[in-house]
Amino acid sequence: EEVAASMHNAYPRMHQPCMESSTSSPNGAVQEFYELYPYPQWKHLDPWAAAALAEPLKRAGQAGQRVLIAGCGTGRWACHYAATFPRAEILAIDISRSSLAFAQRQKCKFGLHNIQFQHADLRSWVAPHSFDFIEC
């Protein structure tokens, strides 16, 4: 109840039926929140130092590897990964169209060609193929 009251005060345009019952699904409120407030709204993109990354991340970044980023939001992690590993094939999905629109603009701004963004609800999404690595 305290969290719901704080959220209502901070974001009065957002109704939150999920905060009132532990049996209600929070996804509607989560989606509505991120439609109104895509976060984070990042501006800079510098590829990561691949040598400093964990081995599973490096292996997944090799040529031809298929990477799924489930719940990519505004695409910050996804775009950094794509910039660091330009030969990997990346599919990034999210439930928020506003967040995905921001991510798509950033993809174009930084000239990333190895990443696709898709609107999807993970509760009903069917993967188009298998993936070598999944980040969520």
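Please treat every number below as a calculation from the coordinates, not as lab data. The structure presented is a predicted model; accordingly, all values stated were derived computationally and were not measured. Neighbour counts are summed over all protein chains in view; Cβ atoms, including those assigned to glycine, are modelled from backbone coordinates with ideal geometry.
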Relative contact order for the range 50-133: what is it in percent, counting Cα pairs under 8 Å that are at least 6 residues apart? 33 percent
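What area, in nm² and to one decimal, does the C-alpha convex hull of the range 61-102 cast on average over all directions?
Numbers: hull surface 10.2 nm².
For the Cα atoms of the range 61-102, the hull's average projected area reads 2.6 nm².
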What list of ³J(HN,Hα) values in whole Hz, one per residue of the range 82-96 in order, does the Karplus curve 6.51 cos²θ - 1.76 cosθ + 1.60 (θ = phi - 60°) give from phi, with Gly and Pro shown as x? 4, 5, 6, 10, x, 9, 7, 9, 10, 10, 10, 10, 7, 8, 9
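I'd like to compare 85-94, 113-122, 35-44, 50-59: which one has the highest average count of other Cβ atoms within 10 Å, and what's the full order after that?
Values: 85-94: 20.8, 113-122: 15.4, 35-44: 12.7, 50-59: 11.1.
Highest-to-lowest ranking by the protection proxy: 85-94, 113-122, 35-44, 50-59.
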If you bin the C-alpha pair distances of the range 28-83 every 5 Å from 0, what whole percents do you get? 4, 15, 23, 21, 15, 10, 9, 3
